[in-house]
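Have a look at the structure below before the remarks.
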Amino acid sequence: MKKILCSILFLLSLSLYGNEEIAKWYESYPFPNPYDATILGSSMIMTPGVSEKILKKNYEIPTKEEGELPENLWNHHKFRFSLVKQKQKAPLIFLLAGTGSDYNSRRMELFQRILYDAGFHIISISSQMTVNFIASASRFHIPGLLEEDSRDMYAIMKKAYQLVEKEIEVSDFFLTGYSLGATNAAFLSKLDEEEQFFNFKRVFMVNPAVNLYSSAGQLDRYLNQVTGKDVRNLEKILEALLMKVKEEAKNEYVGLNSEGIYKYFQGNHFSEQEKAALVGLAFRINAIDLNYVSDLLAKTGVYTKVDEHIKKFSPMLSYFAKVKFADFGTYVDKIALPYYQKKLGKRYLKDKLIAESSLHGIEDYLKHSSKIVAVTNEDELILSKEDFSFLRNTMGNRVFVYPKGGHCGNMFYTPNVQVMLRFLKEGVFVNEK
């Protein structure tokens, strides 16, 4: 199956990579609505010939001593990741998950199948916004400052590779990610050029966030249009979702993530505003986790008492009342900013924090690094006009904007897959020969 897919991809690549050819493909793209694309398209393969199943092995890296974490985080003393390996010598690509997504999420699984068929070993790394990463791999337990996050990610990526390096033979190292994972990839590429551990050959960014704070604000606005910022309205939506995904939930809250929300979308009819709200809600669920877990581990005392003893099976839902469905902006204002002001001094202002949560901090690097390219969409839900201008002005012909797809809704569409694989394997991007 792998040989069949590769043959298809590279035969088509001879004529596919101009703007006109891609535009023709998008005349038949199945999700013209950006919300439909984001919710449905981001979780389905739209490329023929991709393997249905591949062998994958999960690993754990011990990072915390028993008793070092609160009891209700008892299962996060080890950092979890996965490896998909080729039988022969092959390039190794690190695959970075989007905001709040785990290494084994649906989107990561689809990427793994595509990249395996293209001949890569794959190490999959969870987002720094997941509970497992915050608890087991984050030094400060306060993610969001992208340079600091990249140092945490780089350290755990090295440990992951060192754990499996005797099992695989590697020719070169590559890096890719989607959404926040794409943004992380840019920072990691810069750090790796300084550290020179992996020496990444090429870096492919899929639908990156330019400014984490403004993107989060946009997603929150989608949700607030329906809830009116009223917690009671949000509770009603969550109750309906909990009923829908209860068969997957291990307690009142586990299992209610972006994938559970997107499953709820299928088979139901929603207005445009309601679709937008579901996209926003998927992000808000992660923000609730982020507020609670960061406060608990960094001992900021916002939602949990510093000396509070939380039992092993304390239900997470009971903390909703304390967190009050807090969004990412609340996380910045109540937890991240005060924490870093205490650490760095009161002169560390919010504008500085927001800037350090943005690609603007590595603008010069992005301008001059020829090994990094990015793709995004005209109807991208998390980018502003200023963000598009930044990408175009900074990366020039190393960024390509597809006509449709919402946020990550076309990652697995045939032309997108071909563009990605041709760059990773040959170093040739759109409109290059």
**Prompt:** With labels modelled as points extended 7 Å from the Cα through the Cβ direction, what inter-label distance (nm, one decimal) is found for Arg392 paired with Asp364?
**Reply:** 2.6
**Fill in**
HN-Hα couplings for region 29-36 via Karplus (6.51, -1.76, 1.60; θ = phi - 60°), in whole Hz with x for Gly/Pro, come out as 4, x, 10, x, 7, x, 6, 4
**Asked** Residue by residue, what Karplus-based ³J(HN,Hα) values in Hz, rounded to whole numbers, does region 373-390 have, using 6.51, -1.76 and 1.60 with θ = phi - 60° and x for Gly and Pro?
**Response** 10, 9, 10, 8, 10, 4, 9, 4, 7, 10, 10, 8, 4, 5, 5, 4, 4, 4
**Asked** Counting alpha carbon pairs within less than 8 Å and at least 6 residues apart, what relative contact order, in whole percent, applies to the chain?
**Response** 23
**Asked** Say each of Ile61 and Asp172 gets a label point 7 Å from the Cα, pointing the same way as Cα to Cβ; how far apart are those two points in nm?
**Response** 2.4
**Item:** Among beta bridges that DSSP assigns inside the chain, antiparallel share in %, nearest 5
**Value:** 30
**Request:** Determine the gain in length on full extension of the stretch Lys371-Glu235; use 0.36 nm per residue of separation and subtract their C-alpha separation, reporting nm with one decimal.
**Result:** 44.4 nm
**Prompt:** Between Lys305 and Lys78, what length in nm is gained on full extension when 0.36 nm per residue of separation is reduced by their alpha carbon distance?
**Reply:** 79.2 nm
**Prompt:** What nm distance separates the two modelled labels at Lys350 and Gln196, each placed 7 Å from Cα along Cα→Cβ?
**Reply:** 4.3
**Request:** Give a quick list of GluC sites (Glu not before Pro) in region 128-203 that DSSP marks as loop, anything other than H, G, I, E or B, with at most 16 other Cβ atoms within 10 Å.
**Result:** Glu165, Glu167, Glu169
**Request:** Would you pull out the residues with amide H under 5 Å of Tyr413's amide H, same chain only if 5 or more places away, H placed 1.01 Å from N?
**Result:** Met46
**Item:** Candidate aspartates and glutamates for bridging to Lys53, where Cα separation is under 16 Å - those fewer than 8 sequence places away on the same chain excluded
**Value:** Glu109, Asp117
**Request:** Read phi for every residue in region 287-293 and hand back ³J(HN,Hα) as whole Hz from Karplus 6.51 cos²θ - 1.76 cosθ + 1.60, θ = phi - 60°, with x for Gly and Pro.
**Result:** 5, 5, 4, 4, 4, 5, 5
**Message:** Under the 0.36 nm per residue contour assumption, what length would be gained going from the current alpha-carbon distance of Glu21 and Glu52 to full extension?
**Reply:** 8.4 nm
**Computed Rg/Rh of the chain, alpha carbon atoms with Kirkwood Rh** = 0.94
**Item:** MRE, 222 nm, helices only [DSSP H, n ≥ 4, -39500 (n - 2.57), over the chain, to nearest 500]
**Value:** -14000 deg cm²/dmol
**Prompt:** So who's got an amide H within less than 5 Å of the one on Phe174, skipping anything under 5 residues away but keeping other chains? H placed 1.01 Å off N, in plane.
**Reply:** Leu92, Ile93, Phe94, Lys201
**Distant-in-sequence amide H partners of Met205 (H built 1.01 Å from N, under 5 Å)** = Val373, Ala374, Val375
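Where a number appears in this text, it was derived from the coordinates with a stated rule and is not lab data. Predicted, not measured: the structure shown is a model, and the values here were computed from it. Counting neighbours? That spans all protein chains shown, and the Cβs are built from the backbone with ideal geometry, glycine included.
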